[in-house]
Amino acid sequence: MLQQFFLVCSGVDRALIRECSAGEQTKYAGIGATVFFTALMAFIASAYALYTVFDSIFAAIGFGIVWGLLIFNLDRFIVSTLRKKDSKFAEFSQAAPRIILAIIIAIVISKPLELKIFEKEINQVLLEHKNELTLSNKSQIAEQYTPEIQQINQEIIDLKAEVTTKEKEVNDWYETYIAEAEGRKGTELIGKGPVYKEKREKHDATLQELQALRAINAEKITSKEVAVKNLIAQQKAQEANTQPVIDGFDGLMARVNALNELPWLPSLFILLLFLAIETAPIFAKLITSKGEYDLKLQDAEDAVKTWVKQKIDQRKTLLQTDISLNKKVYLDLMEEEEVYLYKRKKARELMKLQADAFFNLHKKQF
């Protein structure tokens, strides 16, 4: 049962292979098993690759089955169409396009399995890339908000400095009129004289200006601090909105690029393994000598070719004979007086009918 299934996979003529020896059937069953397991590996590889793209197990299995059947059909076609020749060079020339196709298929189906085998290493590389992208993203977003935030902070510092300057001015006037009252500066007369009152009035006026300035600047500082908080919140929100894009940076192309950053030797060995698997059926047929099945298949094909050539020759001979007979028949008819008279009679009748039709046509116009 299993051998019959693998014989179907090999693409052989089942009616013809049954007439061959057990060894010949085992050889082609082995070729069919190689074709089947190659398609199975193609299904697994493509299903995983498509799962990384669609993130849906049902879609991955569906497309994986289609891809596996496609590879199975191609391999089966490649193996079944190879014919044994008397020259190895002729066989290799015949198989060269199929070998190139097999190499392409091997590269295609090996890459997704490499991604699965080196998944942990690839995840580490992707994590490093994501961290770099996160830092770069934050830096780019900060470039949009930092200048405005710095400008507002500088305005807050200037407002606070304005208040500080005014406070210093008030303190200076306070020190001045106190020193005047104590007789340490100014007129150096102890007591609250006219000079003291004048300086006290300037201090009080400056103090009122300070209080008003404090109220105005406090309101401005509060509004600017709120603006800074809003800008910082917007910056954080933009970082949060763009972070999912970075977190999703683990698609098929990103993983392939990450795989290329890993050491190339393990990937090369996996590729060589799939090349060996994919080209094994072809080389198996190339390196083996003509077997019983090949001879019987060639005999059946030669018989069909001979029969087709015979049919073509028969049709050509029949056509030439029919042409010659027709020429001879019409040449003989040309010499018969009865045929001539009958032909002339019918021609006369045809001319009369044409003349009557022409006359009736013109008669309707008048």
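The values are calculated or read from the model by the stated rules, or taken from the named source; none is laboratory data. Everything numeric in this text was worked out from a predicted model, so none of it was measured. Reconstructed Cβ throughout: ideal geometry from the backbone, glycine too, with neighbour counts over all protein chains shown.
Here are a few things to note about the model shown:
- Restricted to the range 252-311, and to residues there that are among the basic types (Lys, Arg) and farther than 30 Å from residue 125 by Cα, the residue that is nearest to the chain's Cα centre (by Cα) is 285.
- Check on residue 167, surrounded by 13 or more Cβ atoms within 10 Å (Cβ to Cβ), under 30 Å from residue 144 (Cβ atoms) and modelled with pLDDT of 80 or more: no
- Condition met for residue 90 (farther than 19 Å from residue 278 by Cβ and out of contact with any Pro (no Cβ under 8 Å at 6 or more places or on another chain)): yes
- Any hit, the range 300-323, residues being touching a residue at least 24 places away in the same chain (Cβ under 8 Å), surrounded by 10 or more Cβ atoms within 10 Å (Cβ to Cβ) and not in a helix (DSSP H, G or I): no
- Filter result for residue 109 (over 19 Å from residue 272 (Cα atoms) and either surrounded by fewer than 21 Cβ atoms within 10 Å (Cβ to Cβ) or touching a residue at least 40 places away in the same chain (Cβ under 8 Å) (or both)): no
- Some residue of the range 81-99 being closer than 19 Å to residue 33 by Cα, of a type in the set (D, E, K, R) and in a helix (DSSP H, G or I): yes
- Some residue of the range 326-336 being surrounded by fewer than 10 Cβ atoms within 10 Å (Cβ to Cβ) and not in a helix (DSSP H, G or I): yes
- Considering residues of the range 14-62 that are among the acidic types (Asp, Glu) and loosely packed, with under 15 Cβ neighbours inside 10 Å only, the residue farthest from residue 251 (Cα to Cα): 19
Conditions (1) at positive phi; (2) free of Cβ contacts under 8 Å to residues at least 12 places away in the same chain; (3) not polar (S, T, N, Q), marked per residue:
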{"site": "10", "(1), (2), (3)": "no, no, no"}
{"site": "14", "(1), (2), (3)": "no, yes, yes"}
{"site": "18", "(1), (2), (3)": "no, yes, yes"}
{"site": "41", "(1), (2), (3)": "no, no, yes"}
